[in-house]
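What follows is one structure encoded as structure tokens, with my remarks underneath.
The values are calculated or read from the model by the stated rules, or taken from the named source; none is laboratory data. Worth saying up front: this structure is predicted, and the values here are computed from it rather than measured. All Cβ positions, glycine included, derive from the backbone under ideal geometry; neighbour counts span all protein chains shown.
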Amino acid sequence: MIMVTNRPFIKLNRNSSKLYEMLRKRSTSFSLLTLIALRSRRTNEINDGIEVGEALIGDYKEYGATQQIYRSDKKYLAKIGEITIRSTSKGTIAKLISNEIFNVNLDESTNITTDGTTINQQTYNKQTTTNNKDKKENNAKNVEQEPDYFFPGNKKITGRDKLIELKEQNPIIDVANRLGLNAPSTGATTAVKCFKPNHKDDKPSLVLKPQVNKFECMACGIKGDVLDLIQGVKGIDFKGAVIYLNPNFYKSLLKKSAAKDYLEERGITKETQEKFGLKNQGNTLAIPISEGFNVYRHFDGNRKFSCTKGKSPVIYKAGYTFENVICFTEGIMDAIKLWQETGRPCWSLSHGGALTFKDSFLEEFKEIETVYIVYDNDKEGQNGALVVREKLGKDICKIVQLPGGVKDITEYFQKGFSSNDFETLLANSV
């Protein structure tokens with residue numbers, strides 16, 4: 001057996017915490033980093049504009065990525081301090097700036113730190129790179145050069161949050177069935193035939209994983225999330241896949257003041273917004289219920305309300321009672337408005353609608369002596385009020401009847417009625 005001692009090699013640091021964080025947060029970026037490590041220039045012997053530690057990338061299909069995944073992977077690797085990126089006439093060039101994950105066996109004149117904090121690298125033209133401050137500035141510059149290719153305007157943070165929310169609201173099984181893949185809805189995983197044209201999948205091998213909302217073909221290796229699945233089956237780009245799930249997605253991102261306008265129209269003061277922690281997120285209003293639990297009021301034309309994934313409706317309390325008397329409204333924003341205008345403690349369902357009052361809520365009312373039910377002035381609201389009175393008991397419940405032409409308690413105060421007028425409604429409730 002002949003040993004080749006001068007053969008180039010790369011080393012993977014399996015004890016790197018950054019490596020495992022990468023695999024958890026964005027596993028596809030590891031494939032790109034591996035490609036860069038394999039291709040990286042190890043010496044400065046060739047004067048072709050590619051420096052030590054650099055590699056030409058851009059042929060993203062070589063590592064099984066789509067253009068969208070490739071671009072996102074570049075941004076992620078630059079953000080965590082593994083690479084810098086520059087555009088040249090030859091194409092996109094990535095440069096390794098840390099060996100915390102990969103040691104690529106560079107020429108001895110090159111020094112890359114294990115934590116990426118300081119770089120002193122001698123390049124082929126004897127130029128020396130700068131300290132970590134400059135490196136961070138270069139990283140930021142390179143990231144900014146990449147177009148924000150699926151979010152219009154400058155709504156990057158809100159847009160990305162909305163994109164995550166969009167994927168969470170579309171389970172992989174439902175999307176697969178919508179695409180005609182005939183996926184069973186039972187079990188932790190389920191398999192369907194792979195959609196790749198060149199993969200003759202006689203025995204279904206494309207595994208759908210509902211718990212993580214992703215898929216992976218155990219035969220050909222293709223994998224991704226719901227948007228990747230749509231792109232593969234429909235043969236469309238990333239933007240088309242987003243529109244497939246929500247035709248109004250991009251349009252909704254363009255309006256930055258929807259939540260602000262909503263609060264102003266309802267007359268919710270700055271003081272009230274601060275008291276209840278209401279968060280204006282452009283075209284979404286976040287309403288905190290408890291630690292890690294938010295209800296969201298949307299203005300994208302697709303749906304009105306959603307909540308933190310996995311959370312069930314609870315009783316929301318705008319103000320606490322000391323006299324065991326409360327008002328109970330159909331929705332959170334009505335409860336907040338009623339508290340603001342009258343100072344009365346007002347409770348509501350966190351989400352779910354007029355007819356979703358559960359028996360499990362009864363424990364919350366065990367010390368309450370009087371409940372004024374102030375539901376919306378429509379058929380569903382009136383029926384919902386009867387359901388609540390039936391569950392809590394007619395002896396403690398009184399239904400407040402809003403005047404004709406008034407939709408809900410918020411509109412009641414918007415039309416100029418005062419807190420004294422509301423007290424008269426309470427006195428006349430039955």
Can you spot a residue in region 254-266 that is closer than 27 Å to Ile172 by Cβ and modelled with pLDDT under 90?
no
If I filter region 394-430 down to residues being part of a loop (DSSP other than H, G, I, E, B) and in contact with a strand residue (DSSP E or B) (Cβ under 9 Å, 6 or more places away or on another chain), which single residue comes out as nearest to Leu349 (Cα to Cα)?
Asp408
Top-ranked residue of region 353-382 - restricted to ones that are hydrophobic (A, V, I, L, M, F, W, C) and in a helix (DSSP H, G or I), ranked as modelled with the lowest pLDDT:
Phe361
For region 210-252, enumerate the residues that are of a type in the set (Lys, Arg), in contact with a strand residue (DSSP E or B) (Cβ under 8 Å, 6 or more places away or on another chain) and under 21 Å from Lys162 (Cα atoms).
Lys214
Which one of these does Tyr320 not meet: (1) surrounded by fewer than 19 Cβ atoms within 10 Å (Cβ to Cβ); (2) more than 21 Å from Ile164 (Cα to Cα); (3) modelled with pLDDT of 85 or more?
(3)
Residue that is farthest from Gly310 (Cα to Cα), among those in region 193-220 that are touching a residue at least 40 places away in the same chain (Cβ under 8 Å) and of a type outside the set (S, T, N, Q)
Phe215
Can you tell me how many residues in region 306-326 are in contact (Cβ under 8 Å) with a residue 60 or more places away in the chain and either closer than 18 Å to Ile396 by Cα or touching a helix residue (DSSP H, G or I) at 6+ places or on another chain (Cβ under 6 Å) (or both)?
1
Within 26 Å of Asn280 (Cβ to Cβ), free of Cβ contacts under 8 Å to residues at least 60 places away in the same chain and outside any loop (DSSP other than H, G, I, E, B): which single residue out of Ala335, Ala385 fits that description?
Ala335
Considering only region 383-400, state which residues are loosely packed, with under 14 Cβ neighbours inside 10 Å and either touching a Leu at 6+ places or on another chain (Cβ under 8 Å) or within 21 Å of Arg266 (Cβ to Cβ) (or both).
Asn383
Checking the condition buried (at least 20 other Cβ atoms within 10 Å of the Cβ) and not acidic (Asp, Glu), which residue from Val233, Val207, Val242, Val212 passes?
Val242
Criterion (among the acidic types (Asp, Glu), crowded, with 22+ Cβ neighbours inside 10 Å and either free of Cβ contacts under 8 Å to residues at least 24 places away in the same chain or within 25 Å of Lys304 (Cβ to Cβ) (or both)) met by exactly one of Glu363, Glu341, Glu330, Glu380:
Glu330
Evaluate the following for Gly310: is it closer than 30 Å to Val212 by Cβ, in contact with a Lys or Arg (Cβ under 9 Å, 6 or more places away or on another chain) and not basic (Lys, Arg)?
no
Only one of (1) of a type in the set (D, E, K, R); (2) within 21 Å of Gly221 (Cβ to Cβ); (3) in contact (Cβ under 8 Å) with a residue 12 or more places away in the chain does not apply to Lys79, and that is (2)
